[in-house]
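Read the structure below first, then the notes.
The values are calculated or read from the model by the stated rules, or taken from the named source; none is laboratory data. Remember, it's a predicted structure, so these values are computed and weren't measured experimentally. With ideal geometry, Cβ positions are generated from the backbone for all residues, glycine too; neighbour counts draw on all protein chains shown. These area figures cover heavy atoms from the full protein model, side chains too; ligands, DNA and RNA do not enter into them. Shrake-Rupley method; radii C 1.70, N 1.55, O 1.52, S 1.80 Å.
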Amino acid sequence: MADLKRYVVGLDEKGKSTVLMTGVPNLQERKDTFWRATMWKTRETPVDNSIPGDRSLDGGPARSPFPRGMLVRALELWPDEDHETAQKTFAEINKMVGHTQEISEADRQRNPSMHRTDTLDLITVVRGEIYLVLDEEEILLKPTDTVVIQGTNHGWSNRSDESCLCIGVMIDAIPRQ
């Protein structure tokens, strides 16, 4: 599990900036495979900063942002398992996280983590390395590399011997036709 800290900064009763809350809430995990935490999420964009409370807890764990909303997530993926085990693992993870998009058998064969969301995703690698798997190509991402995914098919493959930590923002988007 990532050694991650979260500080939510806002205004106190005097209108001065201050730390309002700390801690990493809303965790989902499958030991030695997958860990993620929703750091913040909203039901609207633009974001209404006047809404009080820990908005990362709104609605519990979520696969995608609310309609017209956004979410910020930390995601850690461990090194790949063999293909057959990985297919079973990602089927379990998709069920656990409530993934609703249909994943074709061809996509599962390309990479067990292949999926698509109706979001705009901005994801930065913080630690480790990971391959972004696309329909016909792969890109090795290393720390500070950032990818912008516009609602397209993609998957992740960690071919190293260490976990990879990413931070991402998902924004609800109009689906591709």
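The table below lists the values:
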{"quantity": "In region 147-177, residue farthest from D3 (Cα to Cα) [restricted to those that are open to solvent by 80 Å² or more (accessible area, probe 1.4 Å) and of a type outside the set (A, V, I, L, M)]", "calculated": "Q177"}
{"quantity": "Matching residues, region 112-134, being over 24 Å from P65 (Cα atoms) and assigned to a loop (DSSP other than H, G, I, E, B)", "calculated": "G128, E129"}
{"quantity": "Any hit, region 147-156, residues being assigned to a loop (DSSP other than H, G, I, E, B) and at pLDDT 95 or above", "calculated": "no"}
{"quantity": "Check on R63, among the charged types (D, E, K, R), surrounded by fewer than 20 Cβ atoms within 10 Å (Cβ to Cβ) and in contact with an Asp or Glu (Cβ under 7 Å, 6 or more places away or on another chain)", "calculated": "no"}
{"quantity": "Subset tally (residues that are out of contact with any Cys (no Cβ under 8 Å at 6 or more places or on another chain), modelled with pLDDT of 95 or more and crowded, with 19+ Cβ neighbours inside 10 Å) for region 115-130", "calculated": "1"}
{"quantity": "Residues being touching a residue at least 60 places away in the same chain (Cβ under 8 Å) and farther than 25 Å from E129 by Cα - total across region 39-69", "calculated": "6"}
{"quantity": "Where a residue in region 133-160 is more than 18 Å from N111 (Cβ to Cβ) and of a type in the set (K, R) and its partner, wherever it lies, is at pLDDT 95 or above and open to solvent by less than 80 Å² (accessible area, probe 1.4 Å), with Cβ under 9 Å and at least six apart", "calculated": "K142/V125; K142/G128; K142/E129; K142/I130"}
{"quantity": "Answer residue from region 76-93, given it is modelled with pLDDT of 75 or more and either open to solvent by less than 40 Å² (accessible area, probe 1.4 Å) or aromatic (F, W, Y) (or both) and is nearest to K5 (Cα to Cα) among those", "calculated": "E76"}
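One line per residue, one yes/no per condition, for (1) more than 22 Å from R159 (Cβ to Cβ); (2) touching a Gly at 6+ places or on another chain (Cβ under 6 Å); (3) at pLDDT 80 or above; (4) not acidic (D, E):
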site: W35; (1), (2), (3), (4): no, no, yes, yes
site: G60; (1), (2), (3), (4): yes, no, no, yes
site: R73; (1), (2), (3), (4): yes, yes, yes, yes
site: K95; (1), (2), (3), (4): yes, no, no, yes
